[in-house]
Amino acid sequence: MVPGRDEDGVPIWPEAVVGSITHGAGEALAIVGSRCQWSGLGLDVEKRLGAERAAKLAGEILTPRELERATGLAPAPFARLVTLTFSLKESLFKALYPLLLTRFYFHDAELLTWSEDGQAELRLLINLSPEWGTGARLSGQYTEFDDYLLSLVAIPSG
């Protein structure tokens, strides 16, 4: 079954289901779960950015604090960090937007931590709702394969 889309392009899942779809660079993936277990799921796949493209996009994706933390990185690790931050923020948006129906952008969240075992933590920098206010922290996960980065933000129910 392929879900329909609403006027914002958000997939319309059956009532008891929550999910996310991602596609790009010839890849398409989806994740679904029970609404009893998950309030939101956000999945994103990205082709790893090259150093030149990452340098051009960094100011649009990274907050000033994220840019400051990236100072001094060589081009390849910098490109990896920009790709990781982009993907995790995309997953964050895909997990929260269907719950709140409030748009937010790359500079409205910050990647706080990430580890080589694929764990990450993000923080909201704006107030989206009473439950999802400035400073709210969300966990993410990521993995790298071939020349891609796959990320997930999963928000438990309750």
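Quick one: THR85 ticks every box in (1) free of Cβ contacts under 8 Å to residues at least 60 places away in the same chain; (2) among the polar types (S, T, N, Q); (3) within 19 Å of VAL18 (Cβ to Cβ) bar one, so which box is it? Result: THR85 fails condition (3) only. If the Cβ limit is 8 Å and pairs must be 6+ apart or interchain, which residue in region 102-118 that is farther than 17 Å from GLU60 by Cα pairs with which residue that is among the hydroxyl-bearing types (Ser, Thr, Tyr) and modelled with pLDDT of 95 or more? Within 8 Å, the pairs are THR102/SER129; TRP114/TYR142; GLY118/TYR142; GLY118/THR143. The helices (runs of 4 or more DSSP H) found entirely in region 1-101 that carry 3 or more residues being modelled with pLDDT of 95 or more and of a type in the set (Phe, Trp, Tyr) are 75-100. Checked against the criteria, ALA76 counts as among the aliphatic types (A, V, I, L, M), surrounded by fewer than 16 Cβ atoms within 10 Å (Cβ to Cβ) and free of Cβ contacts under 8 Å to residues at least 40 places away in the same chain. Output yes when any residue across region 65-80 is of a type in the set (Lys, Arg) and within 14 Å of TYR148 (Cα to Cα), and no when none is. Yes, that holds for at least one residue. Filtering region 80-101 to residues that are out of contact with any Gly (no Cβ under 7 Å at 6 or more places or on another chain) and closer than 12 Å to LEU62 by Cα leaves LEU81, VAL82, THR83, LEU84, THR85, PHE86, SER87, LYS89.
Can you tell me which residue in region 124-153 is surrounded by the fewest Cβ atoms within 10 Å (Cβ to Cβ), limited to those that are β-branched (Val, Ile, Thr) and in a strand (DSSP E or B)? Of everything passing the filter in region 124-153, THR143 is surrounded by the fewest Cβ atoms within 10 Å (Cβ to Cβ).
The values are calculated or read from the model by the stated rules, or taken from the named source; none is laboratory data. The model shown is predicted, which means the values in this text are computed figures rather than measured ones. Here Cβ is always computed from backbone atoms with ideal geometry, including for glycine, and neighbour counts include all displayed protein chains.
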